[in-house]
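The values are calculated or read from the model by the stated rules, or taken from the named source; none is laboratory data. Only a predicted model underlies this, so the values are computations on that prediction, with no experimental measurement involved. Every residue, glycine among them, receives a Cβ derived from its backbone with ideal geometry; neighbour counts consider all protein chains shown. Keep in mind that these areas ignore ligands, DNA and RNA; they rest on the heavy atoms of the full protein, side chains included. Shrake-Rupley method; radii C 1.70, N 1.55, O 1.52, S 1.80 Å.
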Amino acid sequence: MKDWIPIIRPDVGFDEVEESIREVLGTGILTSGPYVAAFEKSVADRVGVGHAVATTSATTALHLALAAVGLGPGDEVLLSDFTYPATANAVIQTSATPVFVDSEKADFSMDPEHAASLVTERTRVIMPVDPLGQPANHASLEVLAAGAGAHLIVDAACSLGASRGGRECGGHGDMGCISFHPRKVVTCGEGGMVTTDDSALAERLRLLKNHGAQRTTSGILEFVEPGFNYRLSEVPAILGLAQMQRLDRILADRQRTAGRYGEALGGIPGVRVPEAPPDTVWSYQSYVVVLDESLDRNDVIAKMAAEGIETTIGTYACHQHPAFSRWIPEIGGLPNSARFADHSLTLPLVPHMDPSEVERVVESLSTLLGSL
């Protein structure tokens, strides 16, 4: 059996966090301490906003952001259909109505024109996703949201370190929501962050994530409204902070590997390699190609695994899943999202990936597609 090449491997080592973990265990301050605060500041500084609020996951970050703007029954949220279902779940948990928006024809992200056609007087939030570390067309979507009187809350789960139009992802719209899941560029194991330049929103986010509690002048907690327990603890913050301190090196490594893939895959029939627009930097949270519709993508995944190479789908089209069927219109469809969900393929992109491993992945894929 050939050595297994996984989709991803977290880029964090015990040596860089050991001393800090020992310190935290010694102090007994395991949550809401100085490392969480330092982690929040490092993310806010990187994104270029005034505030970052740490949470237990990107899903709770999304839910917290929606709760902070008072979303509820009767409200509508326009959101990307081509996304991990956490985006839609967060909307549904507020009792608002999800309105699924198609991807652009040649781009995984939300189609601003389709989004514009779905705006109604009930539209309170537009929630695009930065798919797979590829920034959405935020400039167009910000104009759309302003015209609709809606908030723009960006699911930037995958795009820390990416940018578009000279602005870092997480810095677009009213709020951005970032993930630190093990498949992300920076990982805490689990964890999330809401980023914003709005001081009032930041204050409300901090209130709601801590049970709706604030301290009185006597130092006693007063619970001013129902909230949540979405606090990140110190040990995950230590992991994230260590990687934030070398984020540029992590990104450069991923971009080098992506460049090798791009050069090697360019001439393979049946494979389309997405390319970043001129004003855009991708974080390459995942390296994803699109196979011709004549090819059985799931068969390719199985046969690549038999060669010792892990691949998987790009991500999901929510409208294809029964959990969201009640919110899917019968007319029109979401053809671009469906095509990407059925034919996108994620290739391995691990830290410090040897060029020979990239070559092996590409050769195996080329040989396999040539035999189909």
Residues of the stretch 218-247 satisfying the condition of being in contact (Cβ under 8 Å) with a residue 12 or more places away in the chain, out of contact with any Ser or Thr (no Cβ under 9 Å at 6 or more places or on another chain) and open to solvent by 80 Å² or more (accessible area, probe 1.4 Å)
223, 226
Only one of these is open to solvent by 20 Å² or more (accessible area, probe 1.4 Å), within 30 Å of residue 174 (Cβ to Cβ) and in contact (Cβ under 8 Å) with a residue 12 or more places away in the chain: 215, 204, 260, 254. Name it.
204
Restrict the check to the stretch 293-311 and report whether at least one residue is open to solvent by less than 20 Å² (accessible area, probe 1.4 Å), part of a strand (DSSP E or B) and over 19 Å from residue 133 (Cα atoms).
yes
May I ask you to list the residues in the stretch 315-372 that are of a type in the set (Val, Ile, Thr), surrounded by fewer than 13 Cβ atoms within 10 Å (Cβ to Cβ) and either more than 23 Å from residue 296 (Cβ to Cβ) or under 26 Å from the mean Cα position of the chain (by Cα) (or both)?
331
Please find, among 271, 281, 288, the residue that is in contact (Cβ under 8 Å) with a residue 60 or more places away in the chain and open to solvent by 40 Å² or more (accessible area, probe 1.4 Å).
281
Return yes when residue 257 is hydroxyl-bearing (Ser, Thr, Tyr) and within 18 Å of the chain's Cα centre (by Cα) and no when it is not.
no
Which one is most open to solvent (accessible area, probe 1.4 Å) among residues in the stretch 145-156 that are among the small types (Gly, Ala, Ser) and closer than 21 Å to residue 59 by Cα?
150
Got a number for residues in the stretch 322-371 being more than 19 Å from residue 290 (Cβ to Cβ), among the charged types (D, E, K, R) and either part of a helix (DSSP H, G or I) or in contact with a Pro (Cβ under 8 Å, 6 or more places away or on another chain) (or both)?
5
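Yes or no: the stretch 275-289 includes at least one residue that is of a type in the set (Gly, Ala, Ser), under 29 Å from residue 167 (Cα atoms), assigned to a loop (DSSP other than H, G, I, E, B) and at pLDDT below 95.
yes
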Of the residues in the stretch 112-144 that are in a loop (DSSP other than H, G, I, E, B) and buried (at least 24 other Cβ atoms within 10 Å of the Cβ), the one that is nearest to the chain's Cα centre (by Cα) is 130
Inside the stretch 87-105, can you point out the residues that are in contact (Cβ under 8 Å) with a residue 60 or more places away in the chain and small (Gly, Ala, Ser)?
88, 103
When you go through 179, 163, 159 one by one, which is the residue that is in contact with a Cys (Cβ under 9 Å, 6 or more places away or on another chain), surrounded by fewer than 24 Cβ atoms within 10 Å (Cβ to Cβ) and in contact (Cβ under 8 Å) with a residue 40 or more places away in the chain?
163
Considering each residue of the stretch 4-43, count those that are within 20 Å of residue 194 (Cβ to Cβ) and hydroxyl-bearing (Ser, Thr, Tyr), and give that number.
4
For the stretch 75-111, give me each residue that is open to solvent by less than 20 Å² (accessible area, probe 1.4 Å), of a type outside the set (Asp, Glu) and part of a loop (DSSP other than H, G, I, E, B).
83, 94, 96
